[in-house]
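The structure under discussion appears below in the form of structure tokens.
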Amino acid sequence: MSELLEHLAANVRRLRDVHGMSLSQLGEKSGVAKGTLFKVERAQTNANIETLQAIAQTFDIHVTELLSPPQAPAVEIMLDGEGEEITDEAAVGHVLRRQLVGAGTVEIHAKTFHHGKVQLSVSHGPGTREHVFIRTGSIRLGPLGQEVLVHAGTYVTYLADQSHRWQAEGGDCTLWIVHTFPRTTALKEVPAPENG
């Protein structure tokens, strides 16, 4: 039941935003009390069928659309500083995206490495690769013993299945890292249909 409440809450918030409608305006147009709508948008109440119908009619949609999982937008935007924080002593960073792609996972980080600080990263697992796009500054990076010094505007890639090092030189360095992780478990085999 809580999943349906979350879907309802997300859909009502999205529809209000799309129509440029405040909570009060939705209340006036639908006839549903603002306090009830407030609780609906926070998944804090089980809305009755009359409430669902009133909200759906206001947006000219079917009630089932209010309870369906929200659709991802066609274009997603992540602003600077948003995302899961991965800050430590050597760098400030955020995971911008983590997504299954084909037989593996892709993870995108935005990081700023601080001048003079060294960060050692352990292996991320067999077959893992890092793709690094240097935005500003310079950084020495790569597998231990094979580090290279690169500058703004450079793209670097290497296998990250062994320890690797990061050290900004000449000032802070901002960059994007795209990690690609292969699937760690075998795909489930589907038996072939029997001929009959």
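The values are calculated or read from the model by the stated rules, or taken from the named source; none is laboratory data. Computed from a predicted structure; not experimentally measured. Cβ: placed from backbone, ideal geometry, glycine included. Neighbour counts: every protein chain shown. What goes into the accessible areas is simple: the full protein's heavy atoms, side chains included, and nothing from ligands, DNA or RNA. Shrake-Rupley method; radii C 1.70, N 1.55, O 1.52, S 1.80 Å.
Go through region 12-48 and count every residue that is of a type in the set (Val, Ile, Thr) and either farther than 17 Å from Val63 by Cβ or loosely packed, with under 14 Cβ neighbours inside 10 Å (or both). First the steps, then the outcome.
Taking region 12-48 as the starting set, the residues that turn out to be of a type in the set (Val, Ile, Thr) are 12, 18, 32, 36, 40, 45.
Still in the running and either farther than 17 Å from Val63 by Cβ or loosely packed, with under 14 Cβ neighbours inside 10 Å (or both): 18.
Summing the residues that are of a type in the set (Val, Ile, Thr) and either farther than 17 Å from Val63 by Cβ or loosely packed, with under 14 Cβ neighbours inside 10 Å (or both) in region 12-48 gives 1.
Got a number for residues in region 43-85 being charged (D, E, K, R) and at pLDDT 90 or above?
So the first thing to find is which residues in region 43-85 are charged (D, E, K, R), and the list is 50, 60, 65, 76, 80, 82, 84-85.
Narrowing the set further to residues that are at pLDDT 90 or above leaves 50.
Residues in region 43-85 being charged (D, E, K, R) and at pLDDT 90 or above: 1 in total.
Can you say whether Asp88 is without any contact (Cβ under 8 Å) to a residue 12 or more places away in the chain, in a loop (DSSP other than H, G, I, E, B) and either surrounded by fewer than 17 Cβ atoms within 10 Å (Cβ to Cβ) or touching a Cys at 6+ places or on another chain (Cβ under 7 Å) (or both), as far as the supplied structure shows?
Answer is no for this residue.
Going through Gly104, Gly93 one at a time, which residue ends up being modelled with pLDDT under 90 and surrounded by fewer than 18 Cβ atoms within 10 Å (Cβ to Cβ)?
Gly104
Test Leu79 against the criterion of being over 24 Å from Leu8 (Cα atoms) and open to solvent by 40 Å² or more (accessible area, probe 1.4 Å), and give yes or no.
yes
Wholly within region 107-169, which strands (runs of 3 or more DSSP E) include no fewer than the required count, namely at least 3 residues that are under 21 Å from Met78 (Cβ atoms) and open to solvent by 60 Å² or more (accessible area, probe 1.4 Å)? Don't jump to the end; show me each part of the working.
Numbers: elements: 118-121, 129-143, 148-151, 155-159.
Once the strands (runs of 3 or more DSSP E) in region 107-169 are filtered for at least 3 residues that are under 21 Å from Met78 (Cβ atoms) and open to solvent by 60 Å² or more (accessible area, probe 1.4 Å), what remains is 129-143.
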